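Working notes, beginning with the structure itself.
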Amino acid sequence: MTIGLGMPSLPAPVLAPRRVSRKITLRHHSHPVEVGGDAPISVQSMTTTRTDDVNATLQQIAELTAAGCQVVRVAVPSQDDADALPQIARKSGIPVIADIHFQPKYVFAAIDAGCAGVRVNPGNIKQFDDKVGEIARAAKDAGIPIRIGVNAGSLDKRLLEKYGKATPEALVESALWECSLFEEHDFRDIKISVKHNDPVVMVTAYRLLAAQCDYPLHLGVTEAGPAFQGTIKSSVAFGALLSQGIGDTIRVSLSAPPVEEVKVGNQILESLNLRKRGLEIVSCPSCGRAQVDVYTLAEQVTAGLEGLTVPLRVAVMGCVVNGPGEAREADLGVASGNGKGQIFKRGEVVMTVPESQIVETLVEMALEMAEEMGVDPESGEATGPVVVPVG
(Lines give C-alpha, C1' and ligand atoms only; values in the text may rest on other atoms or scores of the structure.)
Protein backbone atom coordinates (compact mmCIF):
# COMPACT_ATOMS: atom_id res chain seq x y z
CA MET A 1 0.00 0.00 0.00
CA THR A 2 1.40 3.39 -1.03
CA ILE A 3 0.59 6.32 1.23
CA GLY A 4 1.05 9.88 -0.03
CA LEU A 5 2.87 12.07 2.47
CA GLY A 6 3.71 15.75 2.75
CA MET A 7 1.98 18.45 0.73
CA PRO A 8 -1.26 17.18 -0.89
CA SER A 9 -1.30 16.80 -4.67
CA LEU A 10 -5.10 16.95 -4.94
CA PRO A 11 -7.11 20.17 -4.50
CA ALA A 12 -7.10 21.06 -0.81
CA PRO A 13 -10.44 21.06 1.01
CA VAL A 14 -11.97 24.38 2.02
CA LEU A 15 -14.37 25.15 4.85
CA ALA A 16 -17.20 26.54 2.73
CA PRO A 17 -18.02 27.30 -0.91
CA ARG A 18 -17.48 30.87 -2.05
CA ARG A 19 -20.37 33.28 -1.87
CA VAL A 20 -21.78 33.94 -5.35
CA SER A 21 -20.82 37.41 -6.51
CA ARG A 22 -20.31 39.54 -9.57
CA LYS A 23 -16.85 39.68 -11.11
CA ILE A 24 -14.93 42.85 -11.87
CA THR A 25 -11.60 43.24 -13.63
CA LEU A 26 -8.78 45.52 -12.56
CA ARG A 27 -7.08 46.16 -15.86
CA HIS A 28 -3.33 46.09 -16.35
CA HIS A 29 -1.14 45.77 -19.41
CA SER A 30 0.46 42.52 -18.21
CA HIS A 31 -1.12 41.44 -14.90
CA PRO A 32 -4.86 42.18 -14.80
CA VAL A 33 -6.62 40.95 -11.68
CA GLU A 34 -10.18 39.65 -11.49
CA VAL A 35 -12.09 40.14 -8.25
CA GLY A 36 -15.22 38.22 -7.33
CA GLY A 37 -17.04 35.40 -9.07
CA ASP A 38 -14.76 32.40 -9.41
CA ALA A 39 -11.56 34.47 -9.35
CA PRO A 40 -8.98 33.57 -6.69
CA ILE A 41 -8.99 35.78 -3.60
CA SER A 42 -6.36 38.46 -4.11
CA VAL A 43 -4.07 40.21 -1.64
CA GLN A 44 -3.76 43.99 -1.60
CA SER A 45 -1.71 46.59 0.18
CA MET A 46 -1.18 50.34 0.11
CA THR A 47 1.96 52.36 -0.39
CA THR A 48 3.27 54.53 2.44
CA THR A 49 5.34 56.81 0.22
CA ARG A 50 4.26 60.24 -0.98
CA THR A 51 2.54 59.46 -4.26
CA ASP A 52 4.07 62.52 -5.92
CA ASP A 53 7.49 60.91 -5.31
CA VAL A 54 7.16 58.66 -8.32
CA ASN A 55 10.46 56.82 -7.95
CA ALA A 56 9.94 56.01 -4.27
CA THR A 57 6.38 54.89 -4.92
CA LEU A 58 7.36 52.64 -7.81
CA GLN A 59 10.19 51.18 -5.74
CA GLN A 60 7.78 50.30 -2.96
CA ILE A 61 5.30 48.83 -5.43
CA ALA A 62 8.11 46.64 -6.79
CA GLU A 63 8.90 45.44 -3.26
CA LEU A 64 5.23 44.69 -2.61
CA THR A 65 4.94 42.83 -5.89
CA ALA A 66 7.97 40.69 -5.04
CA ALA A 67 6.33 39.84 -1.70
CA GLY A 68 3.18 38.57 -3.44
CA CYS A 69 0.99 41.67 -3.57
CA GLN A 70 -1.45 41.58 -6.50
CA VAL A 71 -3.15 44.97 -6.25
CA VAL A 72 -1.75 48.19 -4.80
CA ARG A 73 -3.50 51.35 -3.63
CA VAL A 74 -1.93 54.81 -3.64
CA ALA A 75 -3.18 57.89 -1.81
CA VAL A 76 -4.20 60.93 -3.86
CA PRO A 77 -4.72 63.84 -1.44
CA SER A 78 -3.26 66.58 -3.68
CA GLN A 79 -2.95 67.73 -7.26
CA ASP A 80 0.74 66.77 -7.28
CA ASP A 81 -0.27 63.21 -6.39
CA ALA A 82 -2.89 63.19 -9.13
CA ASP A 83 -0.29 64.42 -11.63
CA ALA A 84 1.96 61.48 -10.72
CA LEU A 85 -0.72 58.85 -11.37
CA PRO A 86 -0.22 58.36 -15.15
CA GLN A 87 3.44 57.44 -14.75
CA ILE A 88 2.81 55.21 -11.72
CA ALA A 89 -0.09 53.38 -13.37
CA ARG A 90 1.94 52.85 -16.54
CA LYS A 91 5.11 51.59 -14.85
CA SER A 92 3.64 49.55 -11.98
CA GLY A 93 3.90 45.79 -12.36
CA ILE A 94 0.44 45.30 -10.82
CA PRO A 95 -2.90 47.15 -11.01
CA VAL A 96 -2.94 50.52 -9.24
CA ILE A 97 -5.99 51.77 -7.33
CA ALA A 98 -6.30 55.49 -6.62
CA ASP A 99 -7.51 56.25 -3.09
CA ILE A 100 -9.69 59.37 -3.13
CA HIS A 101 -10.99 61.42 -0.19
CA PHE A 102 -12.48 64.90 0.13
CA GLN A 103 -12.03 66.10 -3.49
CA PRO A 104 -14.16 64.43 -6.20
CA LYS A 105 -12.06 66.04 -8.94
CA TYR A 106 -9.29 63.53 -8.22
CA VAL A 107 -11.67 60.69 -9.12
CA PHE A 108 -11.73 61.97 -12.69
CA ALA A 109 -7.97 62.53 -12.65
CA ALA A 110 -7.41 58.90 -11.64
CA ILE A 111 -9.71 57.64 -14.38
CA ASP A 112 -7.94 59.79 -16.97
CA ALA A 113 -4.56 58.60 -15.64
CA GLY A 114 -5.33 54.99 -16.51
CA CYS A 115 -5.60 53.64 -12.97
CA ALA A 116 -7.07 50.14 -12.72
CA GLY A 117 -9.68 51.28 -10.22
CA VAL A 118 -10.74 54.04 -7.89
CA ARG A 119 -11.61 53.82 -4.20
CA VAL A 120 -14.03 56.47 -2.99
CA ASN A 121 -15.15 57.17 0.57
CA PRO A 122 -18.63 58.70 0.26
CA GLY A 123 -18.61 59.79 3.90
CA ASN A 124 -15.92 62.41 3.43
CA ILE A 125 -16.13 63.52 -0.20
CA LYS A 126 -17.81 66.89 -0.58
CA GLN A 127 -21.22 66.67 -2.26
CA PHE A 128 -20.38 63.14 -3.39
CA ASP A 129 -23.97 62.11 -4.10
CA ASP A 130 -24.33 65.01 -6.53
CA LYS A 131 -21.30 63.77 -8.47
CA VAL A 132 -22.30 60.11 -8.76
CA GLY A 133 -23.82 60.42 -12.22
CA GLU A 134 -20.75 62.11 -13.63
CA ILE A 135 -18.40 59.64 -11.93
CA ALA A 136 -20.46 56.68 -13.15
CA ARG A 137 -20.33 57.87 -16.76
CA ALA A 138 -16.59 58.50 -16.68
CA ALA A 139 -15.81 55.16 -15.02
CA LYS A 140 -18.14 53.24 -17.33
CA ASP A 141 -16.65 54.82 -20.46
CA ALA A 142 -13.14 53.93 -19.25
CA GLY A 143 -14.06 50.46 -18.00
CA ILE A 144 -12.77 51.23 -14.52
CA PRO A 145 -14.40 49.72 -11.40
CA ILE A 146 -15.23 51.77 -8.34
CA ARG A 147 -14.73 50.60 -4.77
CA ILE A 148 -17.19 52.08 -2.34
CA GLY A 149 -15.09 52.10 0.81
CA VAL A 150 -17.07 52.83 3.96
CA ASN A 151 -15.02 53.31 7.14
CA ALA A 152 -16.20 53.58 10.72
CA GLY A 153 -14.04 56.65 11.25
CA SER A 154 -15.53 58.61 8.36
CA LEU A 155 -19.15 57.53 8.24
CA ASP A 156 -21.70 59.88 6.71
CA LYS A 157 -22.98 62.30 9.37
CA ARG A 158 -26.58 61.50 8.50
CA LEU A 159 -26.05 57.86 9.43
CA LEU A 160 -24.15 58.72 12.58
CA GLU A 161 -27.15 60.76 13.67
CA LYS A 162 -29.51 57.92 12.81
CA TYR A 163 -27.62 55.10 14.53
CA GLY A 164 -25.63 57.00 17.14
CA LYS A 165 -22.34 55.36 16.14
CA ALA A 166 -20.76 53.25 13.42
CA THR A 167 -22.83 50.10 13.89
CA PRO A 168 -22.76 47.22 11.40
CA GLU A 169 -26.18 48.33 10.18
CA ALA A 170 -24.95 51.89 9.64
CA LEU A 171 -21.93 50.74 7.64
CA VAL A 172 -24.04 48.49 5.43
CA GLU A 173 -26.76 51.09 4.89
CA SER A 174 -24.13 53.62 3.81
CA ALA A 175 -22.56 51.24 1.31
CA LEU A 176 -25.81 50.03 -0.21
CA TRP A 177 -27.18 53.57 -0.45
CA GLU A 178 -24.20 54.65 -2.50
CA CYS A 179 -24.47 51.53 -4.65
CA SER A 180 -28.10 52.39 -5.37
CA LEU A 181 -27.06 55.82 -6.63
CA PHE A 182 -24.60 54.23 -9.06
CA GLU A 183 -27.20 51.67 -10.10
CA GLU A 184 -29.55 54.51 -11.07
CA HIS A 185 -26.96 55.33 -13.74
CA ASP A 186 -26.66 51.69 -14.79
CA PHE A 187 -23.21 51.33 -13.24
CA ARG A 188 -22.57 48.08 -11.37
CA ASP A 189 -18.83 47.62 -11.80
CA ILE A 190 -18.49 47.96 -8.04
CA LYS A 191 -16.81 46.32 -5.10
CA ILE A 192 -17.54 47.22 -1.50
CA SER A 193 -15.75 47.42 1.83
CA VAL A 194 -17.28 48.18 5.24
CA LYS A 195 -14.29 48.43 7.55
CA HIS A 196 -14.18 48.84 11.32
CA ASN A 197 -11.37 48.57 13.87
CA ASP A 198 -13.39 46.12 15.98
CA PRO A 199 -13.27 42.63 14.40
CA VAL A 200 -16.69 41.69 15.83
CA VAL A 201 -18.38 44.76 14.34
CA MET A 202 -16.49 44.26 11.08
CA VAL A 203 -17.48 40.58 10.76
CA THR A 204 -21.11 41.36 11.53
CA ALA A 205 -21.17 44.15 8.94
CA TYR A 206 -19.75 41.97 6.18
CA ARG A 207 -22.17 39.15 6.97
CA LEU A 208 -25.10 41.57 6.71
CA LEU A 209 -23.70 43.03 3.50
CA ALA A 210 -23.06 39.62 1.93
CA ALA A 211 -26.69 38.67 2.48
CA GLN A 212 -28.03 41.83 0.83
CA CYS A 213 -26.03 42.17 -2.38
CA ASP A 214 -23.96 40.26 -4.91
CA TYR A 215 -21.12 42.75 -5.26
CA PRO A 216 -17.58 41.47 -4.63
CA LEU A 217 -16.33 42.33 -1.15
CA HIS A 218 -12.99 43.80 -0.11
CA LEU A 219 -12.21 42.65 3.44
CA GLY A 220 -10.32 44.78 5.93
CA VAL A 221 -10.03 45.58 9.61
CA THR A 222 -9.19 49.26 9.54
CA GLU A 223 -6.58 50.70 11.90
CA ALA A 224 -5.87 47.17 13.11
CA GLY A 225 -2.78 48.30 15.02
CA PRO A 226 0.90 47.34 15.33
CA ALA A 227 2.16 44.17 13.67
CA PHE A 228 1.32 41.66 16.41
CA GLN A 229 -2.08 43.06 17.39
CA GLY A 230 -3.05 43.84 13.81
CA THR A 231 -2.11 40.38 12.61
CA ILE A 232 -4.25 38.76 15.29
CA LYS A 233 -7.27 41.00 14.67
CA SER A 234 -7.08 40.61 10.89
CA SER A 235 -6.55 36.85 11.06
CA VAL A 236 -9.52 36.36 13.38
CA ALA A 237 -11.84 38.56 11.33
CA PHE A 238 -10.75 37.28 7.92
CA GLY A 239 -10.83 33.68 9.12
CA ALA A 240 -14.39 34.07 10.38
CA LEU A 241 -15.56 35.47 7.04
CA LEU A 242 -13.45 33.51 4.57
CA SER A 243 -14.34 30.25 6.32
CA GLN A 244 -17.96 31.04 5.38
CA GLY A 245 -17.08 31.87 1.78
CA ILE A 246 -17.34 35.64 2.29
CA GLY A 247 -14.63 37.82 0.79
CA ASP A 248 -13.05 38.32 -2.63
CA THR A 249 -9.96 40.41 -1.95
CA ILE A 250 -8.20 41.28 1.31
CA ARG A 251 -6.00 44.00 2.75
CA VAL A 252 -4.31 43.54 6.12
CA SER A 253 -3.86 46.99 7.71
CA LEU A 254 -0.80 47.11 9.97
CA SER A 255 1.24 49.86 11.56
CA ALA A 256 4.23 48.20 9.93
CA PRO A 257 5.98 48.18 6.53
CA PRO A 258 3.40 47.26 3.86
CA VAL A 259 5.40 44.21 2.80
CA GLU A 260 4.49 42.73 6.19
CA GLU A 261 0.81 43.23 5.36
CA VAL A 262 1.26 41.20 2.20
CA LYS A 263 3.06 38.38 4.01
CA VAL A 264 0.30 38.13 6.59
CA GLY A 265 -2.42 38.26 3.94
CA ASN A 266 -0.87 35.50 1.88
CA GLN A 267 -0.35 33.35 4.95
CA ILE A 268 -4.01 33.75 5.97
CA LEU A 269 -5.15 32.54 2.56
CA GLU A 270 -2.69 29.64 2.57
CA SER A 271 -3.77 28.59 6.06
CA LEU A 272 -7.39 28.34 4.87
CA ASN A 273 -6.43 26.47 1.68
CA LEU A 274 -7.64 29.44 -0.34
CA ARG A 275 -4.26 29.77 -1.97
CA LYS A 276 -1.79 27.09 -2.98
CA ARG A 277 0.57 26.57 -0.09
CA GLY A 278 4.22 27.27 -0.59
CA LEU A 279 6.93 26.53 1.91
CA GLU A 280 5.47 25.57 5.30
CA ILE A 281 7.50 25.19 8.47
CA VAL A 282 6.01 22.83 11.07
CA SER A 283 7.78 23.21 14.42
CA CYS A 284 6.92 22.17 17.96
CA PRO A 285 6.35 24.75 20.73
CA SER A 286 9.00 23.05 22.88
CA CYS A 287 8.50 21.64 26.37
CA GLY A 288 10.44 19.93 29.13
CA ARG A 289 10.99 16.91 26.90
CA ALA A 290 12.97 18.89 24.32
CA GLN A 291 16.64 17.98 24.15
CA VAL A 292 17.57 20.80 21.76
CA ASP A 293 16.90 24.52 21.57
CA VAL A 294 13.84 24.20 19.34
CA TYR A 295 13.25 27.96 19.14
CA THR A 296 16.70 28.68 17.75
CA LEU A 297 16.65 25.65 15.48
CA ALA A 298 13.26 26.61 13.98
CA GLU A 299 14.37 30.23 13.50
CA GLN A 300 17.57 29.17 11.76
CA VAL A 301 15.77 26.75 9.45
CA THR A 302 13.18 29.43 8.62
CA ALA A 303 15.92 31.97 7.89
CA GLY A 304 17.87 29.46 5.83
CA LEU A 305 14.82 28.73 3.65
CA GLU A 306 13.63 32.33 3.35
CA GLY A 307 12.63 33.11 -0.20
CA LEU A 308 11.97 29.47 -1.08
CA THR A 309 8.50 29.33 -2.60
CA VAL A 310 8.20 25.66 -3.49
CA PRO A 311 5.31 23.67 -1.98
CA LEU A 312 7.27 21.86 0.73
CA ARG A 313 6.32 21.09 4.32
CA VAL A 314 9.41 21.03 6.55
CA ALA A 315 9.07 19.77 10.13
CA VAL A 316 11.49 20.87 12.86
CA MET A 317 10.84 18.79 15.98
CA GLY A 318 12.62 18.60 19.32
CA CYS A 319 11.82 15.32 21.06
CA VAL A 320 11.06 11.63 20.59
CA VAL A 321 7.34 11.84 21.49
CA ASN A 322 5.83 13.66 18.49
CA GLY A 323 9.03 14.39 16.62
CA PRO A 324 9.42 11.25 14.51
CA GLY A 325 5.73 11.14 13.59
CA GLU A 326 5.56 14.79 12.55
CA ALA A 327 8.86 14.60 10.67
CA ARG A 328 7.72 11.45 8.90
CA GLU A 329 4.49 13.09 7.68
CA ALA A 330 6.25 16.13 6.24
CA ASP A 331 8.07 16.27 2.93
CA LEU A 332 11.27 16.91 4.84
CA GLY A 333 11.84 16.88 8.57
CA VAL A 334 14.10 16.42 11.52
CA ALA A 335 13.49 14.81 14.90
CA SER A 336 16.16 16.13 17.24
CA GLY A 337 17.65 14.86 20.49
CA ASN A 338 20.85 13.83 22.23
CA GLY A 339 22.92 16.24 20.15
CA LYS A 340 21.85 14.86 16.79
CA GLY A 341 18.96 14.87 14.35
CA GLN A 342 17.23 12.15 12.39
CA ILE A 343 16.48 13.47 8.90
CA PHE A 344 13.28 12.24 7.27
CA LYS A 345 12.57 12.57 3.57
CA ARG A 346 9.06 11.72 2.41
CA GLY A 347 8.45 9.42 5.32
CA GLU A 348 11.77 7.62 5.48
CA VAL A 349 14.82 8.16 7.68
CA VAL A 350 17.63 8.95 5.27
CA MET A 351 20.42 10.00 7.62
CA THR A 352 21.39 11.08 11.10
CA VAL A 353 23.50 14.21 11.46
CA PRO A 354 25.09 16.12 14.36
CA GLU A 355 22.93 18.92 15.76
CA SER A 356 25.35 21.48 14.32
CA GLN A 357 24.63 20.23 10.78
CA ILE A 358 20.83 20.09 10.93
CA VAL A 359 20.14 23.50 9.39
CA GLU A 360 22.68 23.12 6.61
CA THR A 361 21.38 19.64 5.79
CA LEU A 362 17.73 20.67 5.65
CA VAL A 363 18.44 23.68 3.44
CA GLU A 364 20.50 21.63 0.98
CA MET A 365 17.90 18.87 0.84
CA ALA A 366 15.05 21.35 0.36
CA LEU A 367 16.80 22.80 -2.68
CA GLU A 368 17.43 19.32 -4.05
CA MET A 369 13.78 18.38 -3.55
CA ALA A 370 12.65 21.51 -5.37
CA GLU A 371 14.64 20.36 -8.39
CA GLU A 372 13.25 16.83 -8.06
CA MET A 373 9.72 18.25 -8.10
CA GLY A 374 10.44 20.18 -11.27
CA VAL A 375 9.95 23.52 -9.50
CA ASP A 376 12.18 26.57 -9.66
CA PRO A 377 13.22 27.21 -6.02
CA GLU A 378 12.84 30.99 -6.31
CA SER A 379 9.74 31.49 -8.47
CA GLY A 380 7.86 28.34 -7.53
CA GLU A 381 7.02 27.81 -11.22
CA ALA A 382 7.09 24.34 -12.74
CA THR A 383 10.21 23.67 -14.81
CA GLY A 384 9.61 20.07 -15.76
CA PRO A 385 7.77 16.87 -14.80
CA VAL A 386 6.54 17.03 -11.21
CA VAL A 387 7.48 14.16 -8.92
CA VAL A 388 4.47 13.47 -6.66
CA PRO A 389 5.65 12.83 -3.07
CA VAL A 390 4.78 9.26 -2.01
CA GLY A 391 5.93 7.02 0.78
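The values are calculated or read from the model by the stated rules, or taken from the named source; none is laboratory data. Because the structure is a prediction, the values reported are computed rather than measured. All Cβ positions, glycine included, derive from the backbone under ideal geometry; neighbour counts span all protein chains shown. What goes into the accessible areas is simple: the full protein's heavy atoms, side chains included, and nothing from ligands, DNA or RNA. Shrake-Rupley method; radii C 1.70, N 1.55, O 1.52, S 1.80 Å.
Restricting the range 221-240 to residues that are closer than 13 Å to residue 196 by Cα and not in a helix (DSSP H, G or I), the residue that is most open to solvent (accessible area, probe 1.4 Å) is 223. Is at least one residue of the range 172-184 among the β-branched types (Val, Ile, Thr) and either modelled with pLDDT under 95 or over 24 Å from the mean Cα position of the chain (by Cα) (or both)? Checked the range 172-184: no residue is among the β-branched types (Val, Ile, Thr) and either modelled with pLDDT under 95 or over 24 Å from the mean Cα position of the chain (by Cα) (or both). Considering the range 70-107, and only residues there that are outside any loop (DSSP other than H, G, I, E, B), over 15 Å from residue 50 (Cβ atoms) and out of contact with any helix residue (DSSP H, G or I) (no Cβ under 6 Å at 6 or more places or on another chain), the residue that is most open to solvent (accessible area, probe 1.4 Å) turns out to be 90. Contact map, the range 44-69: first residue over 14 Å from residue 251 (Cβ atoms), second residue among the small types (Gly, Ala, Ser), Cβ cut-off under 6 Å, separation 6 or more or different chains; pairs are 49/56; 51/75; 51/84; 52/84; 54/84; 61/92; 65/93.
A search for C-beta distances below 6 Å between a residue of the range 247-275 that is in contact (Cβ under 8 Å) with a residue 60 or more places away in the chain and any residue that is open to solvent by 20 Å² or more (accessible area, probe 1.4 Å) and acidic (Asp, Glu), counting only pairs 6+ apart in sequence or on different chains, returns 259/63. Filtering the range 108-147 to residues that are open to solvent by less than 10 Å² (accessible area, probe 1.4 Å), at pLDDT 95 or above and assigned to a helix (DSSP H, G or I) leaves 110, 139. Checking the stated criteria, residue 327 turns out to be open to solvent by less than 10 Å² (accessible area, probe 1.4 Å), on the phi < 0 side of the Ramachandran plot and not basic (Lys, Arg). Scanning the range 319-352 for residues being farther than 15 Å from residue 362 by Cα and assigned to a loop (DSSP other than H, G, I, E, B) gives a total of 6.
If you take the residues in the range 307-354 that are in contact (Cβ under 8 Å) with a residue 60 or more places away in the chain and of a type in the set (Asp, Glu), which one is nearest to residue 372 (Cα to Cα)? Result: 331.
So that you can scan it fast, the table gives a plain yes or no per residue for (1) modelled with pLDDT under 70; (2) within 32 Å of the chain's Cα centre (by Cα); (3) open to solvent by less than 60 Å² (accessible area, probe 1.4 Å):
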position: 285; (1), (2), (3): no, yes, no
position: 304; (1), (2), (3): no, yes, yes
position: 308; (1), (2), (3): no, yes, yes
position: 342; (1), (2), (3): no, no, no
position: 373; (1), (2), (3): no, yes, yes
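Test residue 350 against the criterion of being open to solvent by 10 Å² or more (accessible area, probe 1.4 Å) and modelled with pLDDT of 90 or more, and give yes or no. Yes; evaluated as a whole, the condition is true for this residue. The condition (being of a type in the set (A, V, I, L, M, F, W, C) and open to solvent by 60 Å² or more (accessible area, probe 1.4 Å)) is satisfied by just one residue among 150, 194, 172, 200: 200.
Yes or no: the range 50-59 includes at least one residue that is under 23 Å from the mean Cα position of the chain (by Cα), within 16 Å of residue 261 (Cα to Cα), open to solvent by 20 Å² or more (accessible area, probe 1.4 Å) and of a type in the set (S, T, N, Q). So far as the range 50-59 goes, no, none of its residues is under 23 Å from the mean Cα position of the chain (by Cα), within 16 Å of residue 261 (Cα to Cα), open to solvent by 20 Å² or more (accessible area, probe 1.4 Å) and of a type in the set (S, T, N, Q). When you check residue 72 against the structure, is it in contact (Cβ under 8 Å) with a residue 40 or more places away in the chain, under 29 Å from residue 273 (Cβ atoms) and among the hydrophobic types (A, V, I, L, M, F, W, C), yes or no? It is false that residue 72 is in contact (Cβ under 8 Å) with a residue 40 or more places away in the chain, under 29 Å from residue 273 (Cβ atoms) and among the hydrophobic types (A, V, I, L, M, F, W, C).
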